[in-house]
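Here the structure comes first, spelled out in structure tokens, and everything after it is commentary.
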Amino acid sequence: MFFCKVLSSAEVAGCFVDPALFCKLALPHLKTAAGSSATGCSSCFMIIAALLRGCNPQLLKPHLKVQVCL
């Protein structure tokens, strides 16, 4: 239940926060989480997906060349 609220909040944040900012904050955390538990990594992916669902695709377009995998 709590994590559903987190995902809903992330989706709303994606509507109002510039993708440049959340990419800068979330992607390094994803790289760190990739080296830890699978649960932490999947949770991070779910939050990033919620942020992306909420954002304007035209604002996201310039940031699509970011390398996620190491």
Positive minus negative residues near GLU11 (Lys, Arg vs Asp, Glu; Cβ under 13 Å)
+2
Loop-resident sites, region 7-70, for trypsin sites (Lys or Arg not before Pro), counting at most 12 other Cβ within 10 Å (DSSP):
LYS65
All alpha-carbon distances of the chain, grouped into 5 Å bins from 0, give the whole-percent distribution 4, 17, 27, 26, 18, 8, 1
Sequence neighbours fewer than 8 away in the same chain don't count; with that in mind, list the lysines whose C-alpha is under 17 Å from LYS65.
LYS24, LYS31
How large a share of the accessible area of the chain, in percent, is made up of carbon and sulfur atoms when the probe is 1.4 Å and the other protein chains stay in place?
69
Run the numbers on the chain and let me know its relative contact order in percent, using alpha-carbon pairs under 8 Å that are six or more apart.
49
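The values are calculated or read from the model by the stated rules, or taken from the named source; none is laboratory data. The structure displayed is predicted, hence computed values, not measured ones. Don't worry about glycine lacking a Cβ; one is built from the backbone with ideal geometry, like all the others, and counts go over all protein chains shown. Just so you know, the surface numbers come from the protein's heavy atoms only, side chains and all, with ligands and any DNA or RNA stripped out. Shrake-Rupley method; radii C 1.70, N 1.55, O 1.52, S 1.80 Å.
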